[in-house]
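**Q** Attaching a single structure in structure tokens format; questions to follow.
The values are calculated or read from the model by the stated rules, or taken from the named source; none is laboratory data. Please read these numbers as outputs of a predicted model, since none were measured by experiment. Using ideal geometry, Cβ is built from the backbone for each residue, glycine included, and neighbour counts are taken over all protein chains shown.
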Amino acid sequence: MTTPLRLGVNIDHVATIRNARGGDHPDPVRAAEIVARCGGDGITAHLREDRRHIRDEDLRRIQDATDLPLNLEMAATEEMLAIALAHKPHAACIVPEKREERTTEGGLDAAGKHNQLQPIVSRLKDAGIRVSLFIEATERQLDAALQLGAPVVEFHTGAYAHAEGEERARILKQLADMSALAAKNGIEPHAGHGLTYENVQPVAAIPQLAELNIGHYLIGEAIFCGLEPAVLKMRELMDHAR
Ligand code: PXP
């Protein structure tokens, strides 16, 4: 069965440009409003430990500005847990975070970090927040997500996005197999990272995937054609692939 595929737009990099000058422009809230107007299904934002893009006050402003569900990407720390519990986003996606990395370079080691993750997953779930774990598409990590009681996993598509030819096909098959296995076990599979107009369709065609979260490429394209056309084009490519 093919599930409807949502598009979550990650607006972090609007804030990255804003922060380059330290002022208020461009405002990620304006981006969230445009995404809401043109048919995006959700807003994703990563409040990083170093606040390099979204800042604390942006979260409430985004929540106040649109009715779209907010997916808060967060590290598994007490500080981020407290912020999530205070803001009660629709969803929280737990991601690995290293201060020195340029972006989220690999999936969360849900298997190795079980003991650290369990209380955080439980407290988010108790607060009614839909928990997602950003993991590599492997059986080991999926099994750990199942043990942790996460209702959602987001598969890291960075390796897929960077691979070519047979290697890309191999990783795509792994994404498809793990999406099917997740769904069979009652976990809703999502995917994201490094997705572009060029590489999104084979991923969007995986029938069990329920959501793609896409940021950097869309914000980059928006510089040339505007955010609304960029989101609409991505949406169209995803719908065609389905
Ligand atoms: N999903 C998660 C969990 C992420 O951390 C990110 C950003 O690294 C994305 C999706 C979006 O990735 P990109 O900006 O490469 O589209």
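**Q** Right, V153: without any contact (Cβ under 8 Å) to a residue 60 or more places away in the chain, assigned to a strand (DSSP E or B), β-branched (V, I, T) and under 21 Å from G192 (Cβ atoms) or not?
**A** So V153 passes the test.
**Q** Has the range 160-178 got at least one residue that is within 27 Å of S122 (Cα to Cα) and of a type in the set (S, T, N, Q)? Reasoning before the result, please.
**A** To start, the set of residues in the range 160-178 that are within 27 Å of S122 (Cα to Cα) comprises 175, 178.
With the extra rule that they be of a type in the set (S, T, N, Q), the set shrinks to none.
Looking through the range 160-178, none of the residues is within 27 Å of S122 (Cα to Cα) and of a type in the set (S, T, N, Q).
**Q** Are any of the residues in the range 164-171 within 14 Å of the ligand (Cβ to nearest atom) and either at pLDDT 95 or above or in a strand (DSSP E or B) (or both)?
**A** There is no residue in the range 164-171 that is within 14 Å of the ligand (Cβ to nearest atom) and either at pLDDT 95 or above or in a strand (DSSP E or B) (or both).
**Q** Inside the range 31-68, can you point out the residues that are touching a residue at least 60 places away in the same chain (Cβ under 8 Å), assigned to a loop (DSSP other than H, G, I, E, B) and under 13 Å from N10 (Cβ atoms)?
**A** Passing the criteria: G40, D41.
**Q** Applying the selection to the range 179-199, what residues are under 24 Å from V9 (Cβ atoms) and assigned to a helix (DSSP H, G or I)? Full working, then the answer.
**A** Going residue by residue through the range 179-199, those that are under 24 Å from V9 (Cβ atoms) are 179, 182-183, 187-199.
If the condition is that a residue be under 24 Å from V9 (Cβ atoms) and assigned to a helix (DSSP H, G or I), then S179, A182, A183 are the ones that fit.
**Q** Kindly establish whether V14 is within 14 Å of the ligand (Cβ to nearest atom), within 30 Å of G186 (Cα to Cα) and not polar (S, T, N, Q).
**A** For V14, the condition - within 14 Å of the ligand (Cβ to nearest atom), within 30 Å of G186 (Cα to Cα) and not polar (S, T, N, Q) - is not met.
**Q** Do we find that L133 is surrounded by 23 or more Cβ atoms within 10 Å (Cβ to Cβ), within 20 Å of L209 (Cα to Cα) and in contact (Cβ under 8 Å) with a residue 40 or more places away in the chain in this structure?
**A** yes
**Q** Being within 11 Å of the ligand (Cβ to nearest atom) and either among the charged types (D, E, K, R) or not in a helix (DSSP H, G or I) (or both) is the filter here, so list the residues in the range 200-220 that pass it.
**A** Once the filter is applied, which keeps residues that are within 11 Å of the ligand (Cβ to nearest atom) and either among the charged types (D, E, K, R) or not in a helix (DSSP H, G or I) (or both), the range 200-220 yields E211, L212, N213, I214, G215.
**Q** Looking at the range 101-129 only, could you name the residues that are more than 25 Å from Q174 (Cα to Cα), of a type outside the set (S, T, N, Q) and modelled with pLDDT of 95 or more? Break it down into steps so the answer makes sense when it comes.
**A** Pass one, the range 101-129, residues more than 25 Å from Q174 (Cα to Cα): 101-102, 115-116, 118-129.
Within this subset, residues satisfying the condition of being of a type outside the set (S, T, N, Q) are 101-102, 119-121, 123-129.
Matches in the range 101-129: P119, I120, V121, R123, L124, K125, D126, A127, G128, I129.
**Q** Just the residues that are within 15 Å of the ligand (Cβ to nearest atom) and surrounded by fewer than 19 Cβ atoms within 10 Å (Cβ to Cβ), please, taken from the range 49-69.
**A** Matches in the range 49-69: E49, D50, R52, P69.
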